[in-house]
Amino acid sequence: MANIMIRKSAAGGLVFYLPKRDLEDTVTSIEFDTPEKWGGELKLANGGVYYIDPQPLPARFPLSLRAKRLDAAEQ
Amino acid sequence: MSTTNREELQNLIHEVLEVYPEKAKKDRAKHLMVNDKALESAKKCITSNRKSVPGVMTMRGCAYAGSKGVVWGPIKDIIDISHGPIGCGQYARGGRRNYMNGVSGVDSFCDINFSSDFQEKDIVFGGDKKLAKLIDELETLFPLSKGISIQSECPVGLIGDDIEAVSKKKAAEIGKTIVPVRCEGFRGVSQSLGHHIANDAVRDWILPTRDDKRPEAGPYDVAILGDYNIGGDAWASRILLEEMGLNVVAQWSGDGTLPEMENTPAVKLNLLHCYRSMNYISRHMEEKYGIPWMEYNFFGPTKIKESLREIASHFDDKIKEGAERVIAKYTPAMEEIIAKFKPRLEGKKVMLYVGGLRPRHVIGAYEDLGMEVVGTGYEFAHNDDYDRTIKEMGDATLIYDDATGHELEDFVMAMKPDLIGSGIKEKYVFHKMGYPFRQLHSWDYSGPYHGYDGFAVFARDMDMTLNNPVWKMMQAPWKA
């Protein structure tokens, strides 16, 4: 599990940030994206995949979360 | 740029790496690249923020340098204790020229070395008692300080002293903010982690103290983040922002104070100059207090113009007009400077190797003077810095991460730039080789270089260095 931060980019998309590794990348897809259920698998532009527990859509961004690494692009 | 240039540079990288043993060669090859502007992300071409290869001459610092020297040092009303043996504090004192207003030793403490001066017995029996005593002494001698930070040196972490407990106890006793910073030098691969640790300490120990009693923000309140006032940089930036109608309430951390920092979460926008050393706290303030942040670049008129407009775009028409007014006011003066210095500097090639933001930020200023940056690199940058750099740099230019002494010297000998900008450790090597050199960490005892006023100084300094007749009279001793 890793602490991550999700923010909204100026263009409106989601940006993924992993402080420990200083990894910042855009989120290309998110498994659940409805007001009631939001989260699941996050796919990043660099090929990495992370999982966050599904939850109601957060009221505001940026938001710090715990995420599980399913597939990292870099070692 | 032509493809031959790209090939030549690839060959050069190959040649320079030739001297290393197989393993080191493989490792270092990942840190050197020829720039390709078409790239979206630098990740695949350059590796950064990795441990230096043992046995090479790296130019990096340590976590203590990043915390005490960079982030905490310039805050003027906080006393920074270098907690540990005397050397770290002594050699980190006063080298960076982060200017401040105030009376040194009375209400400002940037240029004094406070150290707990560890001896053998402190290592054996622990240094906590000494630290408590030291804080009492500081209270007696410097009662006007607003707070104290404890900057750990390596032994403190090794022997497991509990500086947090001492801090809490003494803070309650003397009624001031005392911040323990766990920035032992052995943490991380470079000073970069020190910045992060320092930011986290500010987040945990300074910002929450006023969460329930912060003043109401004005509509145009902004904070300058990541400007360390080297040679007066923050002042040269500040006047431009104030002239366009903004209200600068805090400077992090050059010429900054503790109350300014505590009240920063009340601002409307955080302006971030040095991304590498203060993006962490900007992100935190964005999340917790909802303050947007943006990077800006105050080197050279072109970039200043862009930045002023971008800053103004976050505010209403009054500020937008203010930005245009400021640009219009300074443009004639800037044109005059460019007219004076461009003919003397045009077409000259520059190589840079500096720290967190300058390898990309100063490119615009050189281009304003008609100069070309042919190689650039960072000591301690991360991937996101290189993502930003590949867009600023020209095609088929050289980019090096954590360059070693050998690599940098060989690159310079092969590419023969007209000017080199790097740090004090590199300065005299290149002087002896007969290359014009500017020390770009603390502006070679000059400055400011930020803002419109700074550009005048910048242009003069570059001309003064580059066109100095002394370089033609020198020959490298090994060529004689």
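The requirement of being under 15 Å from B:Gly194 (Cα atoms) and in the same structural domain as B:Val156 (by TED's automatic domain parsing) is fulfilled nowhere in the range B:94-106; no residue meets it. Exactly one residue among B:Ile311, B:Ile319, B:Ile291 is in contact (Cβ under 8 Å) with a residue 40 or more places away in the chain and within 23 Å of B:Asp384 (Cβ to Cβ), and that residue is B:Ile311. Checking each residue of the range B:142-150 against the condition of being in contact with a Gly (Cβ under 9 Å, 6 or more places away or on another chain), assigned by TED's automatic domain parsing to the domain that holds B:Val106 and aromatic (Phe, Trp, Tyr) gives at least one match.
Let's see how each residue does on (1) away from chain B (no Cβ under 14 Å); (2) in contact with a Gly (Cβ under 6 Å, 6 or more places away or on another chain):
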{"site": "A:Asp25", "(1), (2)": "no, no"}
{"site": "A:Ser29", "(1), (2)": "yes, no"}
{"site": "A:Thr34", "(1), (2)": "yes, no"}
{"site": "A:Leu44", "(1), (2)": "no, no"}
{"site": "A:Tyr51", "(1), (2)": "yes, no"}
{"site": "A:Pro54", "(1), (2)": "yes, yes"}
{"site": "A:Ala59", "(1), (2)": "no, no"}
{"site": "A:Leu63", "(1), (2)": "no, no"}
{"site": "A:Ala67", "(1), (2)": "yes, no"}
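Within the range B:286-316, being assigned to a loop (DSSP other than H, G, I, E, B) and either over 29 Å from A:Met5 (Cα atoms) or within 14 Å of another protein chain (Cβ to nearest Cβ) (or both) holds for B:Gly290, B:Ile291, B:Pro292, B:Phe299, B:Gly300, B:Ser313, B:His314, B:Asp316. Looking at the range B:397-480, the helices (runs of 4 or more DSSP H) lying wholly inside it that each contain 3 or more residues that are in the same structural domain as B:Leu352 (by TED's automatic domain parsing), touching a residue at least 24 places away in the same chain (Cβ under 8 Å) and of a type in the set (Phe, Trp, Tyr) sit at B:451-466. Residues being among the aliphatic types (A, V, I, L, M), more than 25 Å from B:Arg344 (Cβ to Cβ) and surrounded by 19 or more Cβ atoms within 10 Å (Cβ to Cβ): count how many of those fall in the range B:399-425. Here the count works out to 3. Scanning the range B:159-167 for residues that are small (Gly, Ala, Ser) and at pLDDT below 95 turns up at least one hit. Taking the range B:37-63 as the range and being over 27 Å from B:His196 (Cα atoms) and surrounded by 15 or more Cβ atoms within 10 Å (Cβ to Cβ) as the test, only B:Leu39 passes. Just to be sure before I move on: is B:Leu357 in contact with a helix residue (DSSP H, G or I) (Cβ under 8 Å, 6 or more places away or on another chain), at pLDDT 95 or above and more than 14 Å from chain A (Cβ to nearest Cβ) in the structure I sent? No, not satisfied. Summed over the range A:6-22, residues that are in contact (Cβ under 8 Å) with a residue 12 or more places away in the chain and among the aliphatic types (A, V, I, L, M) total 4.
Among the residues making up the range B:63-93, those that are in a loop (DSSP other than H, G, I, E, B) and either closer than 18 Å to B:Ser442 by Cβ or in the same structural domain as B:Asp227 (by TED's automatic domain parsing) (or both) are B:Gly73, B:Pro74, B:Ile75, B:Lys76, B:Ala92, B:Arg93.
For every residue, the table says whether it meets (1) surrounded by fewer than 23 Cβ atoms within 10 Å (Cβ to Cβ); (2) not in a strand (DSSP E or B).
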{"site": "B:Ile148", "(1), (2)": "no, no"}
{"site": "B:Lys169", "(1), (2)": "yes, yes"}
{"site": "B:Pro180", "(1), (2)": "no, no"}
{"site": "B:His195", "(1), (2)": "no, yes"}
{"site": "B:Ser237", "(1), (2)": "no, yes"}
{"site": "B:Gly245", "(1), (2)": "yes, yes"}
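For every residue, the table says whether it meets (1) in the same structural domain as B:Gly95 (by TED's automatic domain parsing); (2) more than 14 Å from B:Ser149 (Cβ to Cβ); (3) of a type in the set (A, V, I, L, M, F, W, C).
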| residue | (1), (2), (3) |
| --- | --- |
| B:Thr177 | yes, no, no |
| B:Pro180 | yes, no, no |
| B:Gly188 | yes, yes, no |
| B:Gln191 | yes, yes, no |
| B:Asn199 | yes, no, no |
| B:Glu216 | no, yes, no |
| B:Ala236 | no, yes, yes |
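Within the range B:24-46, not a single residue is part of a loop (DSSP other than H, G, I, E, B), more than 18 Å from B:Thr397 (Cα to Cα) and hydrophobic (A, V, I, L, M, F, W, C). Would you check if B:Glu216 is buried (at least 17 other Cβ atoms within 10 Å of the Cβ), more than 14 Å from chain A (Cβ to nearest Cβ) and assigned to a loop (DSSP other than H, G, I, E, B)? Considered against the rule, which asks whether it is buried (at least 17 other Cβ atoms within 10 Å of the Cβ), more than 14 Å from chain A (Cβ to nearest Cβ) and assigned to a loop (DSSP other than H, G, I, E, B), B:Glu216 comes out as no.
In the set (1) at pLDDT 95 or above; (2) assigned to a helix (DSSP H, G or I); (3) touching a Ser or Thr at 6+ places or on another chain (Cβ under 9 Å), B:Asp385 fails one condition alone, (1).
The values are calculated or read from the model by the stated rules, or taken from the named source; none is laboratory data. What you see is a predicted model; the values in this text were computed from it and never measured. A quick note on method: Cβ atoms are made from the backbone with ideal geometry, for glycine too, and the neighbour counts reach across all protein chains shown.
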